[in-house]
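Here's the structure, in structure tokens; my notes come after.
The values are calculated or read from the model by the stated rules, or taken from the named source; none is laboratory data. Just so it is clear, the structure is predicted and the values come from calculations on it, not from any experiment. Heads up, the Cβs are rebuilt from the backbone with ideal geometry, glycines too, and the neighbour counts pull from every protein chain shown. For accessibility, only protein heavy atoms count, side chains too; no ligands or nucleic acids. Shrake-Rupley method; radii C 1.70, N 1.55, O 1.52, S 1.80 Å.
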Amino acid sequence: SRSHVILTLNVERKGKDGAPSRHGKINFVDLAGSEKLRDSGSSGTNATETRNINRSRFALGNVISSLATHRGAAYVPYRDSTLTKLLMDAIGGSARTLMIACVTPSARYYEETVKTIRYAVRTGSIVNQAATVKVDPKKQLVFELRRCR
């Protein structure tokens, strides 16, 4: 079956000499390709699957457009699909986002290739806040008190 795939790696770096640990998260996302329903000839379950894939890609495109064009926008439509809810912290805030687009040089798929490239360019236009290090305040206080000895 065709679907989106998300692999999330949670990374932790233990602090030296009692320093608080640091946490990070990396999301690897493989988006299923969009298809025109009439061109694919899908029916039944496959047609429903194709519609859902296209709907979630459209919602992700809306989120990317909102972040790229309305810097500091009050409303970003993360809740429009499960995909955008899962990727909320990966494409907004202080995250760094990189998109690798797979396209074909075939003239037969020219329109889809151009759309994919535009999608990737919009993703590259996202400007997020500067990265911040989040530390548990209690652990930070203990670390600072121990360091002052």
What are the residues in the range 13-26 that are open to solvent by 90 Å² or more (accessible area, probe 1.4 Å) and either within 21 Å of the chain's Cα centre (by Cα) or of a type in the set (Lys, Arg) (or both), if any?
13, 14, 16, 22, 23, 25
All-but-one check, residue 99 against (1) open to solvent by less than 50 Å² (accessible area, probe 1.4 Å); (2) touching a helix residue (DSSP H, G or I) at 6+ places or on another chain (Cβ under 6 Å), failing number (1)
Which one is surrounded by the fewest Cβ atoms within 10 Å (Cβ to Cβ), of the residues in the range 80-90 that are without any contact (Cβ under 8 Å) to a residue 60 or more places away in the chain and in contact with a Phe, Trp or Tyr (Cβ under 9 Å, 6 or more places away or on another chain)?
85
Please determine, by comparing only the residues of the range 1-12 that are open to solvent by 90 Å² or more (accessible area, probe 1.4 Å) and among the polar types (S, T, N, Q), which one is farthest from residue 50 (Cα to Cα).
10
In the range 1-55, which residue that is of a type in the set (Asp, Glu) and over 19 Å from residue 82 (Cα atoms) is modelled with the highest pLDDT?
12
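Return a yes/no flag: does the range 106-114 have any residue that is open to solvent by less than 80 Å² (accessible area, probe 1.4 Å), without any contact (Cβ under 8 Å) to a residue 60 or more places away in the chain and part of a helix (DSSP H, G or I).
yes
Any idea which residue in the range 117-149 is surrounded by the most Cβ atoms within 10 Å (Cβ to Cβ), counting only those that are of a type in the set (A, V, I, L, M, F, W, C), within 30 Å of residue 68 (Cα to Cα) and modelled with pLDDT under 85?
So the residue we want is 126.
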